[in-house]
């Protein structure tokens, strides 16, 4: 694979990272480190410096809500979960991907 092709794929993956995060949170809340581990097993592997700013933007945009959880003897953790707007966005993104897949598969 050429460097140019790798760069293009990385750019595509960065653009899809928001949808990957929404997908990871679809069935329950997770804290940042859990998201990093979950994403590390996918093509959407991310770094702290990329994921946390994205989570903040998604929260400000109303796609995620968060709360702090402090368990005895543990570091406080900020848990993220989908809002109704986040669920709607994930549904819309999946429909859009289906349209793209239909188009590309039909040519």
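Values in this text are rule-based calculations from the coordinates and carry no lab data. Quick caveat, the model's predicted, so the values are computed rather than measured. Cβ: placed from backbone, ideal geometry, glycine included. Neighbour counts: every protein chain shown.
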Helix 84-105 against the longest principal axis of the chain: what's the angle in degrees, Cα atoms only, rounded to the nearest 10?
20 degrees
With just the Cα atoms defining each centre, how far is region 76-107 from region 1-66? Give it in Å.
13 Å
Which value in deg cm²/dmol, rounded to the nearest 500, describes the helix-derived mean residue ellipticity at 222 nm for the chain, given -39,500 (n - 2.57) per DSSP H run of n ≥ 4 and division by the residue count?
-20500 deg cm²/dmol
For the pair residue 33 and residue 104, the simple spin-label estimate (label points 7 Å beyond Cα toward Cβ) gives in nm 3.5 nm
Could you work out how much longer the chain between residue 65 and residue 26 gets when fully extended? Use 0.36 nm per residue separation minus the Cα distance between them, nm to one decimal.
12.8 nm
Please arrange 40, 65, 46, 72 by how many other C-beta atoms lie within 10 Å of their C-beta, fewest to most.
72, 40, 65, 46
Place a point 7 Å from Cα of residue 56 in the direction of its Cβ. Which residues in region 16-34 have their backbone N less than 16 Å from it?
32-33
